[in-house]
1. When you go through 45, 32, 101 one by one, which is the residue that is within 13 Å of residue 119 (Cα to Cα) and at pLDDT 90 or above?
2. Scan the stretch 86-137 for residues that are β-branched (Val, Ile, Thr), open to solvent by less than 30 Å² (accessible area, probe 1.4 Å) and in a helix (DSSP H, G or I) and jot them down.
3. What is the one condition in (1) of a type outside the set (Asp, Glu); (2) assigned to a strand (DSSP E or B); (3) open to solvent by 30 Å² or more (accessible area, probe 1.4 Å) that residue 75 does not satisfy?
4. I'd like the full set of residues that are open to solvent by 30 Å² or more (accessible area, probe 1.4 Å), polar (S, T, N, Q) and more than 20 Å from residue 21 (Cα to Cα), limited to the stretch 31-72.
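The values are calculated or read from the model by the stated rules, or taken from the named source; none is laboratory data. Keep in mind the model is a prediction, meaning the values are calculated, not measured. Side chains are part of the model used for accessible areas, which takes the heavy atoms of the whole protein and leaves out ligands, DNA and RNA. Shrake-Rupley method; radii C 1.70, N 1.55, O 1.52, S 1.80 Å.
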Amino acid sequence: MDKETYSFMYPIGIASFSFRFSDHALQWLCGTTTNDKGREISNFTLFGDLLARMAVVAGERKGFHRPLMLSAGQAQYSEEQLSSQWNMGRKRIRNLLATLTDIGLIDTRRSKVASVMTFPCLRQWETADGDITSNPFIHE
């Protein structure tokens, strides 16, 4: 059997996260999504990959066409980049991001400059050196 390896990034320098998930969000996280090659990917892995893009401290982020100032708790993303990395069409990525928004895992904002994501289900995170940051984008 041909195995496809996913080399998703995971948050670096984070000791722990504190989340608040709805029942629906938790059910989705426990499921899988099939990519365009017919491979099943854990939804938790997809969410973890998005979370790994999150800025844990405010600052300028490069790596896209234009540098962008992000607050702690924000992540810059590209539907095109996710489409390529996850082997899914852009329409499918857009629908997946809409589902994640509907169930309260992410919020997205698109502008001419960049697409930015926040994680309203994330209460706080602790870094490896013990600093705790409350998420300014949490929804209670």
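1. Every option except 101 fails the conditions.
2. 93
3. Answer for residue 75: the failing condition is (3).
4. Selection gives 34, 71.
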